[in-house]
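Remarks on the structure that follows.
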Amino acid sequence: MHDLKSIRDNPDGFDAGLARRGLEPKAAAILELDARRRAAQTAFQELQARRNEASKQIWTTTLSAPSLA
């Protein structure tokens, strides 16, 4: 398991370590996937915030509505 932060901070060092083991460089591909994951996570959090705000508005409207009973 590799630390993404260390790959972000030093992608050349990560690739150099892979090269010492006879492996192809992977930092660029890993960083691309990480960027996509972070973007998806941000979009998800924005949708959650919208959902929470809508829920809050529904609750506020329900509390201020006259009783149906």
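Residue-by-condition table, conditions (1) of a type outside the set (Ser, Thr, Tyr); (2) outside any loop (DSSP other than H, G, I, E, B):
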position: SER6; (1), (2): no, yes
position: PHE14; (1), (2): yes, yes
position: PRO25; (1), (2): yes, no
position: ILE30; (1), (2): yes, yes
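Among the residues examined, ALA69 does not qualify as of a type in the set (A, V, I, L, M, F, W, C) and either modelled with pLDDT of 95 or more or part of a helix (DSSP H, G or I) (or both). Just wondering, is there one or more residues in segment 19-26 that are touching a helix residue (DSSP H, G or I) at 6+ places or on another chain (Cβ under 7 Å) and either surrounded by 10 or more Cβ atoms within 10 Å (Cβ to Cβ) or among the aromatic types (Phe, Trp, Tyr) (or both)? Taking every residue of segment 19-26 in turn, at least one turns out to be touching a helix residue (DSSP H, G or I) at 6+ places or on another chain (Cβ under 7 Å) and either surrounded by 10 or more Cβ atoms within 10 Å (Cβ to Cβ) or among the aromatic types (Phe, Trp, Tyr) (or both).
The values are calculated or read from the model by the stated rules, or taken from the named source; none is laboratory data. What you are looking at is a predicted structure, and each value in this text was computed from that prediction instead of being measured. Note that we place each Cβ from the backbone using ideal geometry, even for glycine, and neighbour counts take in every protein chain shown.
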